[in-house]
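A quick write-up on the structure given underneath.
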Amino acid sequence: MAREVQITIDCADPAGLAVFWAEALGYQVQGPPAGFESWEQALDAMGVPAERRNDASAVVDPDGAGPRLFFQRVPEGKQVKNRLHLDVRAAPGLRGDERMAALEAEADRLIAHGAKRLERFEPHPPMGAGHIVMADPEGNEFCLD
């Protein structure tokens, strides 16, 4: 039996990183629990103090197909290269110059939302289609593929 997967990302600013990844993936920030009009209202009802209200956030695929991304605040900053990273499929089915142009356009769009471009890898057929390595606003690496 297959299991659902949630991807958890340690970070300093869960709400901010959730907004970035919602934009990057076409996801949405997860809404408040049933019966509440806002997260503020829900957190008030739960008795969560103001200084703990950015301890966690999540984004979800509005179509329900992709995994939930959960962001949790941790005290330490990122210190080394990720051992696991996300590939954002920004140019599926495209090849050569058309593919790289689509990846460049997506890189520019995400840079405007706080990402940083790290490195571009040119296509090397037949196995390498080309990709761009990026970092999210907290330095977590991901690839535009």
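Things worth noting here:
- In region 57-92, the trypsin sites (Lys or Arg not before Pro) that fall in loop regions by DSSP, at most 10 other Cβ within 10 Å: Lys81, Arg83
- Apportionment of accessible area to carbon and sulfur, region 1-96, percent (1.4 Å): 52 percent
- Across all Cα pairs in the chain, the calculated P(r) in 10 Å bins from zero up to the longest distance comes to 11, 35, 32, 16, 5, 1 percent per bin.
- Residue with peak Gaussian network fluctuation, the chain [Cα springs, cutoff 10 Å], from Val29, Val74, Val59: Val74
- With the simple spin-label model, which puts each label point 7 Å out from Cα in the Cβ direction, the Ala50 to Arg120 separation comes to 4.7 nm.
- The DSSP beta bridges internal to the chain are antiparallel in roughly 65% of cases.
The values are calculated or read from the model by the stated rules, or taken from the named source; none is laboratory data. The model shown is predicted, which means the values in this text are computed figures rather than measured ones. Virtual Cβ from ideal backbone geometry, glycine too; neighbours counted across all protein chains shown. Ligands, DNA and RNA are excluded from the accessible area calculation, which covers all protein heavy atoms including side chains. Shrake-Rupley method; radii C 1.70, N 1.55, O 1.52, S 1.80 Å.
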